[in-house]
Amino acid sequence: MSNKTQAINELNIAYKTEVAGYHFYTTAAAYASDAKGRAVFTNLAKDELTHIMVISNISDSLKKGAGWVGFDEALKTGASLAQKGLPIFPEENEFVKRLGADRTDLNAVSIGIEIEEAAVEFYSRLLKEAAGADEKVVLTKLLEMEKGHLKILRWESESLRKTGFWGETMEYSVEKERE
(Lines give C-alpha, C1' and ligand atoms only; values in the text may rest on other atoms or scores of the structure.)
Protein backbone atom coordinates (compact mmCIF):
# COMPACT_ATOMS: atom_id res chain seq x y z
CA MET A 1 0.00 0.00 0.00
CA SER A 2 1.20 3.45 -0.74
CA ASN A 3 1.53 4.67 2.85
CA LYS A 4 1.46 3.62 6.47
CA THR A 5 -1.87 5.28 7.24
CA GLN A 6 -3.58 3.53 4.35
CA ALA A 7 -2.08 0.18 5.41
CA ILE A 8 -3.28 0.64 9.00
CA ASN A 9 -6.77 1.58 7.78
CA GLU A 10 -6.95 -1.47 5.48
CA LEU A 11 -5.67 -3.74 8.26
CA ASN A 12 -8.34 -2.31 10.57
CA ILE A 13 -10.98 -3.31 8.01
CA ALA A 14 -9.37 -6.75 7.71
CA TYR A 15 -9.32 -7.13 11.51
CA LYS A 16 -13.02 -6.30 11.85
CA THR A 17 -13.89 -8.61 8.97
CA GLU A 18 -11.89 -11.49 10.44
CA VAL A 19 -13.54 -10.96 13.86
CA ALA A 20 -16.98 -11.06 12.20
CA GLY A 21 -15.95 -14.24 10.36
CA TYR A 22 -14.67 -15.80 13.59
CA HIS A 23 -17.96 -15.11 15.36
CA PHE A 24 -19.93 -16.41 12.39
CA TYR A 25 -17.98 -19.67 12.25
CA THR A 26 -18.20 -20.27 16.00
CA THR A 27 -21.96 -19.69 15.79
CA ALA A 28 -22.23 -21.95 12.73
CA ALA A 29 -20.33 -24.68 14.60
CA ALA A 30 -22.83 -24.44 17.45
CA TYR A 31 -25.77 -24.70 15.02
CA ALA A 32 -24.35 -27.46 12.80
CA SER A 33 -26.45 -30.62 12.82
CA ASP A 34 -23.51 -32.97 12.29
CA ALA A 35 -20.14 -33.51 13.95
CA LYS A 36 -18.37 -33.17 10.59
CA GLY A 37 -20.03 -29.82 10.00
CA ARG A 38 -19.08 -28.65 13.50
CA ALA A 39 -15.49 -29.67 12.81
CA VAL A 40 -15.40 -27.75 9.50
CA PHE A 41 -16.72 -24.57 11.12
CA THR A 42 -14.53 -24.95 14.21
CA ASN A 43 -11.42 -25.27 12.04
CA LEU A 44 -12.42 -22.25 9.98
CA ALA A 45 -12.92 -20.27 13.21
CA LYS A 46 -9.42 -21.28 14.35
CA ASP A 47 -7.98 -20.02 11.06
CA GLU A 48 -9.87 -16.74 11.44
CA LEU A 49 -8.37 -16.39 14.92
CA THR A 50 -4.93 -16.89 13.36
CA HIS A 51 -5.68 -14.13 10.85
CA ILE A 52 -6.86 -11.86 13.67
CA MET A 53 -3.61 -12.39 15.58
CA VAL A 54 -1.43 -11.77 12.52
CA ILE A 55 -3.32 -8.69 11.37
CA SER A 56 -3.41 -7.21 14.87
CA ASN A 57 0.31 -7.65 15.33
CA ILE A 58 1.23 -6.20 11.95
CA SER A 59 -1.04 -3.22 12.57
CA ASP A 60 0.58 -2.66 15.98
CA SER A 61 4.02 -2.87 14.38
CA LEU A 62 3.07 -0.28 11.75
CA LYS A 63 1.60 2.04 14.39
CA LYS A 64 4.90 1.87 16.29
CA GLY A 65 6.81 2.70 13.11
CA ALA A 66 8.52 -0.69 12.91
CA GLY A 67 7.05 -1.65 9.52
CA TRP A 68 5.61 -4.91 8.28
CA VAL A 69 6.58 -8.08 10.11
CA GLY A 70 6.48 -11.54 8.57
CA PHE A 71 3.46 -13.83 8.93
CA ASP A 72 5.17 -16.32 11.27
CA GLU A 73 6.68 -13.58 13.42
CA ALA A 74 3.32 -11.79 13.61
CA LEU A 75 1.61 -15.05 14.54
CA LYS A 76 4.13 -15.83 17.26
CA THR A 77 3.97 -12.36 18.75
CA GLY A 78 0.23 -12.15 18.18
CA ALA A 79 -0.36 -15.21 20.36
CA SER A 80 -0.71 -12.83 23.31
CA LEU A 81 -3.94 -11.61 21.68
CA ALA A 82 -5.35 -15.12 21.98
CA GLN A 83 -4.57 -15.04 25.69
CA LYS A 84 -6.37 -11.71 26.05
CA GLY A 85 -9.26 -13.12 24.05
CA LEU A 86 -11.76 -11.51 21.74
CA PRO A 87 -14.58 -9.26 22.88
CA ILE A 88 -16.82 -11.07 25.34
CA PHE A 89 -19.90 -9.52 23.80
CA PRO A 90 -19.15 -9.39 20.09
CA GLU A 91 -21.11 -7.04 17.94
CA GLU A 92 -24.00 -8.72 16.22
CA ASN A 93 -23.15 -9.00 12.56
CA GLU A 94 -25.17 -9.52 9.41
CA PHE A 95 -23.89 -13.05 8.87
CA VAL A 96 -24.83 -14.29 12.34
CA LYS A 97 -28.27 -12.67 12.01
CA ARG A 98 -28.84 -14.38 8.67
CA LEU A 99 -27.77 -17.71 10.08
CA GLY A 100 -30.07 -17.24 13.08
CA ALA A 101 -33.00 -16.75 10.71
CA ASP A 102 -32.25 -20.04 8.88
CA ARG A 103 -30.12 -22.40 10.98
CA THR A 104 -29.61 -25.03 8.30
CA ASP A 105 -26.21 -26.43 7.45
CA LEU A 106 -26.60 -25.47 3.81
CA ASN A 107 -27.40 -21.86 4.73
CA ALA A 108 -24.35 -21.74 7.01
CA VAL A 109 -22.13 -23.06 4.23
CA SER A 110 -23.65 -20.61 1.72
CA ILE A 111 -22.99 -17.66 4.03
CA GLY A 112 -19.47 -18.97 4.63
CA ILE A 113 -18.87 -19.06 0.87
CA GLU A 114 -20.05 -15.46 0.63
CA ILE A 115 -17.67 -14.45 3.46
CA GLU A 116 -14.72 -16.21 1.84
CA GLU A 117 -15.43 -14.82 -1.64
CA ALA A 118 -15.40 -11.31 -0.17
CA ALA A 119 -12.16 -12.09 1.69
CA VAL A 120 -10.49 -13.38 -1.49
CA GLU A 121 -11.55 -10.24 -3.32
CA PHE A 122 -10.36 -7.99 -0.47
CA TYR A 123 -6.93 -9.60 -0.05
CA SER A 124 -6.48 -9.79 -3.84
CA ARG A 125 -7.01 -6.03 -4.03
CA LEU A 126 -4.61 -5.38 -1.15
CA LEU A 127 -2.01 -7.63 -2.77
CA LYS A 128 -2.23 -5.63 -6.01
CA GLU A 129 -1.66 -2.43 -4.00
CA ALA A 130 1.18 -3.88 -1.90
CA ALA A 131 4.42 -1.95 -2.16
CA GLY A 132 6.97 -3.98 -0.22
CA ALA A 133 8.09 -7.58 -0.27
CA ASP A 134 7.04 -8.19 3.35
CA GLU A 135 3.56 -6.89 2.59
CA LYS A 136 3.28 -9.10 -0.48
CA VAL A 137 4.36 -12.23 1.39
CA VAL A 138 1.88 -11.71 4.24
CA LEU A 139 -1.00 -10.78 1.96
CA THR A 140 -0.27 -13.76 -0.32
CA LYS A 141 -0.37 -16.09 2.69
CA LEU A 142 -3.69 -14.62 3.89
CA LEU A 143 -5.12 -14.76 0.37
CA GLU A 144 -4.12 -18.39 -0.11
CA MET A 145 -5.66 -19.34 3.23
CA GLU A 146 -8.92 -17.64 2.26
CA LYS A 147 -8.89 -19.42 -1.11
CA GLY A 148 -8.45 -22.69 0.78
CA HIS A 149 -11.45 -21.89 2.97
CA LEU A 150 -13.49 -21.12 -0.12
CA LYS A 151 -12.58 -24.45 -1.73
CA ILE A 152 -13.52 -26.36 1.42
CA LEU A 153 -16.87 -24.63 1.69
CA ARG A 154 -17.67 -25.04 -2.00
CA TRP A 155 -16.87 -28.73 -1.71
CA GLU A 156 -19.07 -29.09 1.38
CA SER A 157 -21.87 -27.19 -0.37
CA GLU A 158 -21.66 -29.59 -3.30
CA SER A 159 -21.73 -32.57 -0.96
CA LEU A 160 -24.69 -31.24 1.05
CA ARG A 161 -26.63 -30.39 -2.11
CA LYS A 162 -26.01 -33.72 -3.83
CA THR A 163 -26.11 -36.16 -0.92
CA GLY A 164 -27.57 -34.24 2.01
CA PHE A 165 -24.49 -35.13 4.05
CA TRP A 166 -21.21 -33.49 4.97
CA GLY A 167 -18.31 -34.86 2.94
CA GLU A 168 -16.01 -37.57 4.19
CA THR A 169 -12.73 -36.76 2.47
CA MET A 170 -11.95 -34.09 -0.07
CA GLU A 171 -11.00 -35.44 -3.46
CA TYR A 172 -8.12 -33.00 -3.64
CA SER A 173 -5.77 -31.55 -1.10
CA VAL A 174 -6.11 -27.85 -0.37
CA GLU A 175 -2.55 -27.95 0.98
CA LYS A 176 -1.19 -29.29 -2.31
CA GLU A 177 -3.06 -26.60 -4.25
CA ARG A 178 -1.32 -23.94 -2.14
CA GLU A 179 2.12 -25.13 -3.24
Number of the exception - residue 103 against (1) in contact with a Phe, Trp or Tyr (Cβ under 8 Å, 6 or more places away or on another chain); (2) in a helix (DSSP H, G or I): (2)
Mind checking whether some residue in the range 28-42 is farther than 26 Å from residue 158 by Cα, in contact with a helix residue (DSSP H, G or I) (Cβ under 9 Å, 6 or more places away or on another chain) and crowded, with 20+ Cβ neighbours inside 10 Å? no
Does the range 71-79 include one or more residues that are assigned to a helix (DSSP H, G or I), of a type in the set (Phe, Trp, Tyr) and modelled with pLDDT of 90 or more? yes
Within the bounds of the range 13-21, is there any residue that is of a type outside the set (Ser, Thr, Tyr), modelled with pLDDT of 95 or more and exposed (fewer than 14 other Cβ atoms within 10 Å of the Cβ)? yes
Tell me the residue from 116, 121 that is more than 22 Å from residue 36 (Cβ to Cβ), part of a helix (DSSP H, G or I) and acidic (Asp, Glu), please. 121
For residue 53, state whether it is modelled with pLDDT under 95, aliphatic (A, V, I, L, M) and more than 16 Å from the chain's Cα centre (by Cα). no
Residue that is buried (at least 17 other Cβ atoms within 10 Å of the Cβ) and either farther than 23 Å from residue 3 by Cα or modelled with pLDDT of 95 or more (or both), where the choices are 48, 121, 94, 117: 48
Residues being at pLDDT 90 or above and charged (D, E, K, R) - total across the range 125-179: 16
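The values are calculated or read from the model by the stated rules, or taken from the named source; none is laboratory data. Not measured: the values here are computed from a predicted model. Quick reminder, even Gly has a Cβ in these numbers, built from the backbone with ideal geometry, and neighbours come from all protein chains shown.
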